[in-house]
1. When the residues of region 111-150 are narrowed to those that are surrounded by fewer than 16 Cβ atoms within 10 Å (Cβ to Cβ) and aliphatic (A, V, I, L, M), which ends up nearest to GLY22 (Cα to Cα)?
2. Among the numbered criteria (1) in contact with an Asp or Glu (Cβ under 7 Å, 6 or more places away or on another chain); (2) not in a helix (DSSP H, G or I); (3) not aromatic (Phe, Trp, Tyr), which one does ILE153 miss?
3. Among the residues of region 119-150, how many are in a loop (DSSP other than H, G, I, E, B) and without any contact (Cβ under 8 Å) to a residue 24 or more places away in the chain?
4. Does region 58-70 hold any residues that are under 18 Å from the mean Cα position of the chain (by Cα) and of a type outside the set (A, V, I, L, M, F, W, C), and which are they?
5. Quick check, is ASP104 out of contact with any Asp or Glu (no Cβ under 8 Å at 6 or more places or on another chain), farther than 22 Å from TYR37 by Cβ and not aliphatic (A, V, I, L, M)?
6. Tell me the residue from PRO55, PRO108, PRO40 that is within 16 Å of the chain's Cα centre (by Cα), farther than 20 Å from GLY132 by Cβ and surrounded by fewer than 17 Cβ atoms within 10 Å (Cβ to Cβ), please.
7. Filter the helices (runs of 4 or more DSSP H) completely within region 1-118 down to those with at least 1 residues that are in contact (Cβ under 8 Å) with a residue 24 or more places away in the chain and within 19 Å of GLU154 (Cα to Cα).
8. Any residue in region 161-172 that's among the aromatic types (Phe, Trp, Tyr): show its pairings with residues that are surrounded by 16 or more Cβ atoms within 10 Å (Cβ to Cβ) and part of a loop (DSSP other than H, G, I, E, B) at Cβ separation under 6 Å, as long as the two are six or more apart or on different chains.
Amino acid sequence: MKWVLIAVGTLVLLIALMWIIGALLPKEHVATRSARYRQPPEVVWAALVTLEDMPRWRKELKSVERRPDVDGKPSWVENSSQGAMPIVVIEWDPPRRMVGKIDDPKLPFGGTWTYEVVPVEGGAILRITERGEVYPALFRFLSRFVFGHTSTIETYLKSLGAKFGEPVTPQR
């Protein structure tokens with residue numbers, strides 16, 4: 001019984017420490033990664049905006065549902081095992097730049113993703129910048145120290161590379 005109490009007490013202290021550290025971290029963060037593809041910028045752009053194809057190359061997605069445009073810009077819901085995440089585009093400059101915003105204030109996180117497609121010799125570079133916010137302190141700790149602010153961006157860039165049959169290494 002003594003060891004059980006020690007184990008439970010240690011777990012409670014660990015969670016409390018993670019919560020305290022998380023509470024001290026800023027809610028906002030900025031993370032950027034990029035990858036180079038041997039595809040023309042128009043092909044990279046088409047992959048970013050062809051919603052019905054996303055679940056084929058983004059394995060974490062179960063489906064993507066198109067919503068009505070907002071101010072003439074695309075809007076959709078990404079469905080994954082984590083739940084539904086509505087996205088609304090707030091900046092649209094095809095085929096160069098798109099800024100998508102999470103459109104659900106009830107989620108424990110929010111923010112924007114800026115996609116920039118830059119033409120280069122022999123292909124294109126896709127740069128993604130996340131300007132995120134993580135609200136619950138414990139989740140803020142996990143996001144920073146366990147998952148990392150760049151993990152979702154890196155997964156996205158690698159998945160896009162796999163779609164094109166190209167291994168990519170995301171860069172800072």
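All of the numbers you see were taken from the coordinates with simple rules; none came from a lab. What you are looking at is a predicted structure, and each value in this text was computed from that prediction instead of being measured. Cβ atoms come from the backbone with ideal geometry, glycine included; neighbour counts cover every protein chain shown.
1. Of everything passing the filter in region 111-150, LEU142 is nearest to GLY22 (Cα to Cα).
2. All conditions pass for ILE153, except number (2).
3. Residues flagged as in a loop (DSSP other than H, G, I, E, B) and without any contact (Cβ under 8 Å) to a residue 24 or more places away in the chain within region 119-150 amount to 2.
4. ARG58, LYS59, GLU60, LYS62, SER63, GLU65
5. yes
6. Criteria check complete, one pass: PRO55.
7. The helices (runs of 4 or more DSSP H) meeting that bar are 41-49, 54-57.
8. PHE164/GLN39
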